[in-house]
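First up is the structure itself, then whatever we jot down about it.
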Amino acid sequence: MGGRGLLMYESYRNQSSKQGRDVLLHLAIVNPKQPKDNKSFNFDYSYWSHTSPADINYASQVQVYKDIGEEMLLHAFEGYNVCIFAYGQTGSGKSYTMMGKQDVKDQQGIIPLLCEDLFTKFNDNGDNSKSYSVEVSYMEIYCERVRDLLNPKNKGNLRVREHPLMGPYVEDLSKLAVTSYNDIQDLMDSGNKARPPMPRSRAVSPSPDTLQDAEKKSSESRARSRRFFPDIQEIRVSPIVSKKGYLHFLEPNTNGWVKRFVVVRRPYVYIYNTERDSVERAILNLSSAQVEYSEDQQAMLKTPYTFAVCTEHRGILLQAINDKEMHDWLYAFNPLLAGTIRSKLSRRRAGPMRM
């Protein structure tokens with residue numbers, strides 16, 4: 001279980017402290033070696049998350065979101081730009097607080113809960129004169145380099161610019177249109193896979209014997225690496241079913257369209273004869289396949305709502321029942337491609353209305 005950082009302090013608490021957190025007016029960090037050298041800070045909230053939810057003082061992810069995330073979402077609907085800045089040392093709980101564990105119930109962070117609440121407010125809106133559009137960007141800033149996690153093919157360092165009216169922005173950063181929280185969840189999953197593992201160092205004071213052992217092991221390792229280069233790839237199957245339902249398949253040298261039940265758990269697509277079938281009839285690996293969509297291709301084939309999946313050995317044409325279903329399937333197969341298509345369509349519709 002993840003958790004937020006622990007801080008030793010003396011606090012002066014407000015009378016309105018609630019279960020799971022303290023509303024603090026004043027916090028002082030005490031240095032036992034220099035009692036007069038104390039550090040004083042003011043906080044709105046202080047959370048305790050180092051025990052289990054059975055503890056009456058435990059602050060859950062939902063509680064943190066209610067205190068911080070709901071207010072941010074409210075300000076966004078009022079027309080303000082909002083930002084949550086998480087700061088702290090490695091292991092202090094920044095990622096857990098903001099993202100949480102999406103595959104574990106009740107451990108989603110502020111960002112997933114806020115995005116889910118965003119579309120709930122859209123659906124609860126009774127004013128038909130209002131329409132909403134949502135676009136998602138996902139970037140990483142590390143060692144003063146900006147990477148677009150939704151366009152991993154762009155290996156270059158993106159530039160941060162400043163617009164005279166709109167303020168700072170990242171040049172050439174992908175903006176992908178979404179229509180549901182599941183679309184955002186798929187994009188976050190793809191973006192997380194595009195993040196390289198970050199090296200973490202720790203200070204060590206080696207002895208001479210330790211150095212000699214390390215050099216010996218290093219030389220042995222180099223000798224082995226010259227003789228044998230293993231090609232090992234770890235593939236983690238997502239515990240989340242991105243989409244399931246029926247699709248029509250058309251393969252070369254077959255007698256027309258065939259209806260199959262499909263379950264997408266990236267990076268695999270499991271194909272069954274029917275939803276009651278307990279045995280997979282085929283499996284596609286999306287990590288080595290290419291998903292293609294083209295309006296010209298649909299016009300040429302005179303077959304609407306289609307897209308293609310091309311593997312190393314074969315190509316498959318798939319057809320959905322309508323336009324919405326097709327885009328939902330595209331998001332399940334390749335959220336980056338689907339987001340790009342939706343962004344182009346939304347800009348095309350908005351183009352004639354611009355003055």
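The values are calculated or read from the model by the stated rules, or taken from the named source; none is laboratory data. None of these values were measured; they are calculated from a predicted model. Virtual Cβ from ideal backbone geometry, glycine too; neighbours counted across all protein chains shown.
Brief remarks on what is shown
- Odd one out for residue 22, checked against (1) surrounded by 14 or more Cβ atoms within 10 Å (Cβ to Cβ); (2) closer than 30 Å to residue 178 by Cα; (3) modelled with pLDDT under 80: (2)
- Search result, residues across region 310-344 that are over 17 Å from the mean Cα position of the chain (by Cα), in a loop (DSSP other than H, G, I, E, B) and more than 13 Å from residue 247 (Cα to Cα): 311, 312, 313, 314
- One residue stands out in region 150-195 among those that are in a strand (DSSP E or B) and not β-branched (Val, Ile, Thr): the one that is nearest to residue 342 (Cα to Cα), namely 177.
- Checking each residue in region 38-74 for being in contact (Cβ under 8 Å) with a residue 24 or more places away in the chain and among the charged types (D, E, K, R) picks out 67, 70.
- The set of residues in region 34-92 that are touching a Phe, Trp or Tyr at 6+ places or on another chain (Cβ under 7 Å) and more than 20 Å from residue 108 (Cβ to Cβ) contains only 57.
- Filter result for residue 121 (in the same structural domain as residue 186 (by TED's automatic domain parsing), among the charged types (D, E, K, R) and assigned to a loop (DSSP other than H, G, I, E, B)): no
- The one condition in (1) modelled with pLDDT under 85; (2) surrounded by 13 or more Cβ atoms within 10 Å (Cβ to Cβ); (3) acidic (Asp, Glu) that residue 70 fails to fulfil: (1)
- Matching residues, region 271-299, being in a strand (DSSP E or B) and crowded, with 17+ Cβ neighbours inside 10 Å: 271, 272, 284, 291
- Filter result for residue 149 (touching a helix residue (DSSP H, G or I) at 6+ places or on another chain (Cβ under 7 Å) and either of a type in the set (A, V, I, L, M) or surrounded by fewer than 13 Cβ atoms within 10 Å (Cβ to Cβ) (or both)): yes
- Residue 89 being at pLDDT 80 or above, outside any loop (DSSP other than H, G, I, E, B), within 30 Å of the chain's Cα centre (by Cα) and farther than 30 Å from residue 266 by Cβ: no
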